[in-house]
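Asks: Mind having a look at this structure? Questions to follow.
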Amino acid sequence: MLGIVALSLIALCIFGAGLMAVRSGNLVHSVLWLAVALASTSAMYLVVGATFLSAVQIILYTGGVITLMLFGVMLTDRNETTKIGNPSGRRALGAITALAMFGLIVAAVSQTDFLGGGGTLVDTQALGRALLTDHLLAFEALSMLLLAAMLAAIVVARRRDP
Amino acid sequence: MTVASNASNSFIMSLPSPVPEILTHPVGHGLVMGTIILTFFMLISAWSIWFERRFAGRMQSRVGPNVVGPAGLLQPIADAIKLLRKENLVPSGADKVLFWLSPPMTLFFTLATLAVIPLSEDLLVAELDIGLLWVLAFSGLLLFPTWIAGWASNNKYTLFASMRAVAQGISYEIPLLFSAIVPVVVVGSLSISDIVRYQGEHGWLLFWPLGPGALGFLIFFVASLAEANRIPFDVPEAESELVAGVTVEYSGMMYGLFPMTEYVHTLITSALASALFLGGWYGPFGWAPGVHWMVGKTLFLFFVIFWARWSLVRFRSDQLMRLCWVWLVPLSLLCVCGAALWVVYVGGVA
Amino acid sequence: MIPVNGEVLQLLLILGAGLFALGLYGVLTRKNTIGLLIGLELMANAVNLNLVAFGRYHGGTDGQVFTLFTIALTVAEVAVGLALVILLHRSRRSTDLDAAADLHG
Amino acid sequence: MTHDLLALLALLSPLVAAVVLFIIAPLRVRGAVSAALTIGATSVSLVASVLLAAARMFGATAPNVDLQLAWLPGGAQTLATVGVYVDPVAAPMMVVVALVALCVQVYSVGYLGHEPSRDRGRYFAYHALFAFSMLGLVMAPNLLQLFVCWELVGLASYLLIGYYWTKPSAGQAALKAFWVTKFADMGLMLGLMVLYVKTGGFDWNVPVGQALMTADAETIAGLFFLAVVGKSAQFPMHIWLPDAMEGPTPVSALLHAATMVAAGVYLIVRAYPIFMLAPTVLTVMVYLGAFTALFAAVVAVFQDDIKKVLAFSTCSQLGYMVAALGTGSMVSGYFHLTTHAFFKALLFLTAGSLIHAVHSNSLHDMGGLWAKMKPTGILLIIGSLALAGFPMTAGFFSKDLILEELLHAGHYLPLGAAILAAGLTAFYMTRVVMLSLFGAPSEAAEHAHESPAVMLAPMVLLAVLALAGGLLHGDFARMAGVEAAFHVTPVGVVATLVGFSGIGLGLWRFSPGRRTAIGTQWVSAPMRLLTWLTASKPVDVFFAGFYRQAMLRAAAGIAWFDRYIIDALINLSGWAVLRGAERFRELQTGQPTDYVYAVVGGLIVLTAMGVFTA
């Protein structure tokens, strides 16, 4: 019971922060709300028992992605970034589309019977072992992808000499 | 996540009766231990300011604070009162909410890392099985309040300072993480207490994975100095260029929180380094385990940091980056490889 | 932590759907490129949440391993995306998405 | 167990040196540190290799080292393994590689002493990479690892040829070497694919007799042989080797004479069970090898650049090895590989020493060095005698063995070519010795002085081996399970006499008394034609001239057809598409949001189909 309450509270946190992140008129606030949403997700992982992922979520996502975004914000204009917002011309259609998507997924979820469940906990060692045995190829491919992304980011953002 | 509730045999059990009963529940245990450890750390860091100023005075052939109280011992209290009495100003054009939010966030993230630092076998708030990741995650989050303070102040000096701080922070996080992996690889656990216990049986990690241990400790120490923005890595608050870093626009106790958390963070860093590489609460060769060892080692490293502060000069920004990417990152990678090889061919995960 | 049974799973899935819809709304309505990236992040996060929920529901490591992969993918995506934003800003003096509409037919 | 460790040590110590040098830039830019690391690592490899080989040769029979790690785990079965494999075949090659590499590296310390420290650091890092790759190739437990290392060796060769990267010719030579050998390597890759399809593995000895049909074996061996032709510079694809002489001379000695080019021959040795099933390929090998031996020897006679002489000589000697392997005798080819490594490395190093002294590659600039550089001169003469097959030197034993095998196998035409090539070899080496050491003293030679001890010492070591290496022939024979004792045969006597006459002709032709007899002006009228044919690199001329003309003519015809028939059709369709596109392009608004709407719309439709039809 206590668990369900905690879970619902965190879910509210995630949802509220997400809402603020897409509605806020100030880009910096928006990024920081996203950070709150991601950190709450990390708490959610903790509650459902994915401890390692929870730490990874904070280090990589909240620590890495958000820091990158803030850096991106800093390298652009302050005037421009403090006033963003959702232009009124786009709001209605966007909301309808998003709601349609949401409704469809909820319909799909409610149509399905989820029986049983409650699989066993997975500890970090098992996770590491799975990563380096069953999913080794994907792991290696991912390392190549990260390298490529790193090089791409450097090449794209580098200031070329005139 | 396993929360230790085995407050077993030591001095805590010898306390009067209501206390141990509280200690059997994880939440009660956390509250009590949290209070003890927090008080301990806050007191040490408050008086370390006094100590540092006296020490700096000696190194520079002057006296240092000696007026308030015997030998100036009440100086921190006087400083605190002075800060509390001052007005908290918010500059015009600042982002008010974020401006107010930054100092408490700094304090919160710093203190959150305290939760998993074990002072001895039973003197810790909670024993997480991912304790090390927890510490690294929260010290990574510390970049946020710094950035927010710099951005929200609407001042070009603070913005530059925060940019430098973020760049330095994300760069040095890499060698920091890699060098912290060394104990994890050797011990096979992410729990800080497990790592310390392993050292009790097999000797300090500083010495025992020959090579990677010592090198890893060195990299960890240097990188965590940089993470804590201590000299010689205090480029983000270089007084001669940026006035005083991100804290330029802060005043009163809002300002006071920044240096205070900086000291606490440095102290936590020293404690973490002692636990990961210097055997935590175990003495050399596993002698006489106890909280005194941990405190002694932590204070020693803390002292070394002061020592460095008053002996060394500041790096230039580009030198800082060069040190990180050209030396520390490759060396820390070698460390991890070395530790892995050591585990496979010499040691072996328990 | 709590065990994930059918009901909890449904709750988590609906939360994921809501988050996904929010992200979609952000992507569809933002003019600013970084704002758009924020929406994308929310959508990716929703997917991760679903993966973790299903992983816990069925047991086994696959769900969490996939989540690790998607997190890494998102990091790569953001790195390249922000590099593009900086490039856009440098050449157009603006981070508005409309500034990059030169290639229209 | 100790032997396992030794094998790993031999393989991994250069790898460690290479990785450390490549990753940690501050170490690499210090030439002395880089040299010390690389030489130290190679010394470790050499000691380990010698210990491993000693336990497997000279009558001792230690069991094979066979350590394999699963690589590419694919479900239940492992697709491939990597590891170390040391048997009596691999062990001597390991010693040769490590020994010559060490000699060359030590020599390089002196030879490149005047280069900037940063460049030397890079050079030695490449050397460490090469030593690792070559040892990995030699110790490969299967053909897949051999292929990987084969490519790594090619990479190291590319990097080292282009060492003087500021010289355009060096860059072009590096590229040429890379592309020619890469083209040939396609053969090895295709061969491996066929091998895997046919036998389900990459082992060279699984298929013997049982799983492999002769036709398949012919295909695989033929494809492998294509790679060998490229790597070991056999006739049509030898064109990269002379150009590769743009690299520093020690590199030529190590890669392009002693070890890397011999990798092709080693591949044949390793995959011998497969080659034995392919008689056609073996016959082709005999004829192509013998032709290359003769052809390259003829070309070598007309070169004025000392390194080019040695390069063509290497082609020629590799031709011998290939021909010998084609006769079905693994021992003779392999043995010649070993002895050739010693004396050709020695020759290149002495050539480097001469070049170092006069700062020129040309034989004309080297006249009269005997007076200045007696030790180097003696070493050059020793190397030349060994290459010419002077009795009781290493080359004599191995070459004699090859000729005998050719005779036994009944290939009389190749035998004739080989004997003729032996005579030419003796002749052009005599020419080199006479022109460079005893010719008219040139201006550059005035200031020449002897090389330092750090360069002389490796040469002396190699010279000893070039003289005494022949004594190992019994051990090589035993390795293949044959008890062979050396004995005098008619064909050996003939070859020796031909060799002596080559030396005599050279001595007479280029004696110091005939001062005018310098360079290529000495040739008479019929020889002039041959000079033109060979000295201007005929294959290059063929490719550049006739071949290109023919191709252009044919291409012009095709181009007409293409332009007025095919293009017309394409233009027609293009015109139609353009008209259509004018309508459709309105869809492209350039607004990313619109594209997202398109994607999301499709997603919604699909989801709705899933939800409402389920």
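Asks: Test of the criteria: in the range B:72-156, which GluC sites (Glu not before Pro) are in a DSSP loop and have at most 10 other Cβ atoms within 10 angstrom of their Cβ?
Replies: B:GLU87
Asks: To check my understanding: the extent here is largest minus smallest coordinate of the Cα atoms along each principal axis. What are those three numbers for the range A:121-162, in Å, largest first?
Replies: 56, 19, 10
Asks: What does the convex hull of the Cα atoms of the range D:251-319 come to per residue, in Å³, rounded to a whole number?
Replies: 56
Asks: How much net charge surrounds D:SER313 when only the other residues with a Cβ under 15 Å from the Cβ of D:SER313 are counted, with Lys and Arg +1 and Asp and Glu -1?
Replies: Local charge sum for D:SER313: +3.
Asks: Sticking with this one: Provide, for q = 0.18 Å⁻¹, the log10 of I(q)/I(0) from a solvent-free Debye sum over equal Cα point scatterers in the range D:73-209.
Replies: Rounded to two decimals, the profile gives -1.10.
Asks: Mind listing P(r) for the range D:542-613? All alpha-carbon pairs, 10 Å bins, whole percents.
Replies: Here the calculated profile for the range D:542-613 is 15, 18, 18, 16, 15, 12, 4, 0.
Asks: Now for a separate question. How many percent of all Cα-Cα pairs in the range B:120-279 sit more than 26 Å apart?
Replies: Roughly 33 percent, rounded to a whole number.
Asks: Here is a further query. What is the diffusion coefficient of chain A in µm²/s, taking the Kirkwood radius over Cα pairs and the Stokes-Einstein relation at 25 °C with a viscosity of 0.890 mPa s?
Replies: 126
Asks: Please list, in order along the range C:25-39, the HN-Hα scalar couplings obtained from phi with the Karplus expression 6.51 cos²θ - 1.76 cosθ + 1.60 (θ = phi - 60°), rounded to whole Hz, x for Gly and Pro.
Replies: 4, x, 4, 6, 10, 6, 9, 7, 5, 5, x, 5, 4, 4, x
Asks: In Å, what is the Rg of the alpha-carbon atoms in chain C, and how long is Dmax?
Replies: Spelled out, the Cα radius of gyration and Dmax of chain C are 17.2, 54 Å.
Asks: Placing one identical point scatterer on every Cα of the range D:213-349 and ignoring solvent, what is log10 I(q)/I(0) from the Debye formula at q = 0.14, 0.17, 0.20, 0.21 Å⁻¹?
Replies: Reported log10 I(q)/I(0), two decimals: -0.56, -0.80, -1.07, -1.16.
Asks: Something else: Which value, in nm² and rounded to one decimal, describes the direction-averaged projected area of the C-alpha convex hull of the range D:166-287?
Replies: 7.7
Asks: What is the pair-distance distribution P(r) of the range A:1-77, computed from all Cα-Cα distances in 5 Å bins starting at 0, with each bin given as a whole percent?
Replies: Binned Cα distances yield the sequence 3, 17, 22, 23, 17, 10, 5, 2, 1, 0.
Asks: I've got another one for you. Based on a Kirkwood Rh over C-alpha pairs, give the Stokes-Einstein translational diffusion coefficient of the range D:426-472 at 10 °C and viscosity 1.306 mPa s in µm²/s.
Replies: 120
Asks: With θ set to phi - 60°, apply the Karplus curve 6.51 cos²θ - 1.76 cosθ + 1.60 along the range D:150-166 and write out the HN-Hα couplings as whole Hz, x wherever there is a Gly or Pro.
Replies: Coupling constants for the range D:150-166: 4, 5, 4, 4, x, 4, 4, 4, 4, 5, 7, 4, x, 4, 7, 6, 7 Hz.
Asks: About the Cα centre, and with charges only on the beta carbon of Lys, Arg (+1) and Asp, Glu (-1), how big is the dipole of the protein assembly as shown? Nearest 20 debye, please.
Replies: Dipole about the Cα centre, nearest 20: 2720 debye.
Asks: Measure up D:LYS231/D:LYS308; B:LYS86/B:LYS156; D:LYS176/D:LYS399; D:LYS231/D:LYS344 against 20 Å on the Cα-Cα distance and list the ones that go over.
Replies: Over 20 Å apart, Cα to Cα: B:LYS86/B:LYS156; D:LYS176/D:LYS399.
Asks: Distances over 46 Å make up what percent of all Cα-Cα pairs in chain D?
Replies: 23
Asks: Below 8 Å, C-alpha to C-alpha, sequence gap of six or more: please give me the relative contact order for chain C in percent.
Replies: Across chain C, relative contact order equals 26 percent.
Asks: Another question, if that's okay. If one takes the accessible area of chain A alone plus chain C alone and subtracts that of the pair, with a 1.4 Å probe, what total in Å², rounded to the nearest 100, results?
Replies: Using a 1.4 Å probe on protein heavy atoms, the buried area is about 7000 Å².
Asks: Where Lys and Arg each count +1 and Asp and Glu each count -1, what net charge lies around B:GLU52 among other residues with Cβ under 12 Å from its Cβ?
Replies: With Lys, Arg at +1 and Asp, Glu at -1, the net is +4.
Asks: OK, next. Return one whole number: the accessible area per residue of the range A:121-162 in Å², for a 1.4 Å probe.
Replies: 74
Asks: Also, quick follow-up: Taking a temperature of 4 °C and a viscosity of 1.567 mPa s, what whole-number D in µm²/s does Stokes-Einstein yield for the range D:1-141 with Rh from Kirkwood over alpha carbon pairs?
Replies: 82
Asks: Counting Lys +1, Arg +1, Asp -1, Glu -1, what net charge surrounds D:SER157 among other residues with beta carbon under 13 Å of its beta carbon?
Replies: Taking every other residue near D:SER157 into account, the sum is -1.
Asks: Helix-only mean residue ellipticity at 222 nm, chain B, DSSP H runs n ≥ 4 weighted -39,500 (n - 2.57), per residue, nearest 500. What is it?
Replies: -21000 deg cm²/dmol
Asks: Here's something else I'd like to know. Could you give the alpha-carbon Rg of the protein assembly as shown over 2.2 N^0.38 Å, rounded to two decimals?
Replies: My calculation over the Cα atoms of the protein assembly as shown gives 1.15.
Asks: From zero outward in steps of 5 Å, how is the percent of C-alpha pairs of the range D:128-189 spread across the bins?
Replies: Whole-percent P(r) values from 0 Å outward: 4, 20, 24, 21, 17, 9, 4, 1.
Asks: Defining a contact as two alpha carbons under 8 Å apart and six or more residues distant in sequence, what relative contact order in percent does the range D:212-354 show?
Replies: Worked out over the range D:212-354, it gives 31 percent.
Asks: May I ask you to give the percent of accessible area on the range A:121-162 that is carbon plus sulfur, with a probe radius of 1.4 Å?
Replies: 69
Asks: Now for a different question. Run lengths n ≥ 4 of DSSP H only: what is the helix-derived mean residue ellipticity at 222 nm for chain A, with -39500 (n - 2.57) per run over all residues, to the nearest 500?
Replies: The per-residue figure over chain A is -24000 deg cm²/dmol.
Asks: When N is the residue count of the range D:217-298, what does its C-alpha Rg come to as a fraction of 2.2 N^0.38 Å?
Replies: Relative to the rule-of-thumb radius for its length, the range D:217-298 sits at 1.14.
Asks: In a solvent-free Debye calculation with one equal scatterer on each Cα, what is log10 I(q)/I(0) for chain B at q = 0.07, 0.11 Å⁻¹, listed in the order of the q values?
Replies: Those come out to -0.31, -0.78, one per q.
Asks: Moving on. Helix-derived [θ] at 222 nm for chain D: sum -39500 (n - 2.57) over DSSP H runs of at least 4, divide by residue count, nearest 500?
Replies: When only DSSP H runs of four or more count, the value is -23000 deg cm²/dmol.
The values are calculated or read from the model by the stated rules, or taken from the named source; none is laboratory data. Because the structure is predicted, anything quoted here is derived from the model rather than measured. Heads up, the Cβs are rebuilt from the backbone with ideal geometry, glycines too, and the neighbour counts pull from every protein chain shown. Note: areas computed on protein heavy atoms with side chains; ligands, DNA, RNA excluded. Shrake-Rupley method; radii C 1.70, N 1.55, O 1.52, S 1.80 Å.
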